[in-house]
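The values are calculated or read from the model by the stated rules, or taken from the named source; none is laboratory data. These numbers come from a predicted model, not from an experiment. Heads up, the Cβs are rebuilt from the backbone with ideal geometry, glycines too, and the neighbour counts pull from every protein chain shown. SASA here: full protein model, heavy atoms, side chains in, ligands and nucleic acids out. Shrake-Rupley method; radii C 1.70, N 1.55, O 1.52, S 1.80 Å.
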Amino acid sequence: MSYAVSPLLYRNVLGLAEITAGLFVSCQSVLTVLASMLGGRLADFYGRKRVSLTMLMMLFVSNCFASVLCRTLYVIPFLLLNSFFSGASYPGITAMLADALRGTGRREGFSLLYLSGNLGISVGPAIAGMLFYNHLPWIFR
């Protein structure tokens with residue numbers, strides 16, 4: 001779920017106050033950073049692929065629950081879990097990319113990774129904004 005859509009969900013759908021919505025969005029950001037550090041540590045200890053796939057599977061399960069509960073207050077823990085699992089999967093993915101690419105291919109690979117991330121950050125909220133009022137569960141799929 002996009003951070004641009006989260007405040008709208010908290011305010012317009014769930015009816016939370018601005019300060020509460022801001023608190024939850026801030027918690028999502030902090031959880032992503034902490035999970036990234038933990039995910040990197042776990043990836044070093046248990047293996048990159050195992051940790052990344054586990055976190056991505058947990059993200060999928062959490063998104064499934066969030067899509068069902070998206071109009072109730074019960075969605076909030078799943079949004080926080082989404083931020084955690086997403087952040088924890090990223091270090092392993094970048095480490096696997098670095099392992100797979102050697103020499104000059106590494107520069108192009110990371111460039112493509114950041115380009116696709118920036119494209120997702122710019123286009124994702126626009127698509128989520130169009131889906132928000134009429135097809136809210138689709139945002140989580």
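Observations on the structure shown:
- Per the conditions (1) farther than 21 Å from VAL123 by Cβ; (2) without any contact (Cβ under 8 Å) to a residue 24 or more places away in the chain; (3) in a helix (DSSP H, G or I); (4) open to solvent by 30 Å² or more (accessible area, probe 1.4 Å), the sole criterion not satisfied by LEU34 is (2).
- Checklist (1) within 20 Å of ALA128 (Cβ to Cβ); (2) open to solvent by 30 Å² or more (accessible area, probe 1.4 Å); (3) among the polar types (S, T, N, Q) applied to ASN82, failing item: (2)
- Residue list for the stretch 10-41, restricted to those being among the hydrophobic types (A, V, I, L, M, F, W, C) and within 18 Å of the chain's Cα centre (by Cα): ALA21, LEU23, PHE24, VAL25, CYS27, VAL30, LEU31, VAL33, LEU34, ALA35, MET37, LEU38
- Filtered residues of the stretch 85-112 (kept if open to solvent by 50 Å² or more (accessible area, probe 1.4 Å) and under 18 Å from the mean Cα position of the chain (by Cα)): SER86, TYR90, ILE93
- Residue in the stretch 7-14 that is more than 21 Å from SER67 (Cβ to Cβ), open to solvent by less than 50 Å² (accessible area, probe 1.4 Å) and modelled with pLDDT under 95 present: no
- Output for the stretch 75-104, where each listed residue is among the charged types (D, E, K, R) and in contact (Cβ under 8 Å) with a residue 40 or more places away in the chain: ASP99
- Check on LEU119, free of Cβ contacts under 8 Å to residues at least 12 places away in the same chain, loosely packed, with under 14 Cβ neighbours inside 10 Å and either within 16 Å of the chain's Cα centre (by Cα) or under 25 Å from MET37 (Cβ atoms) (or both): yes
- Residue match in the stretch 129-141 (condition: open to solvent by less than 60 Å² (accessible area, probe 1.4 Å), closer than 23 Å to VAL30 by Cα and aliphatic (A, V, I, L, M)): yes
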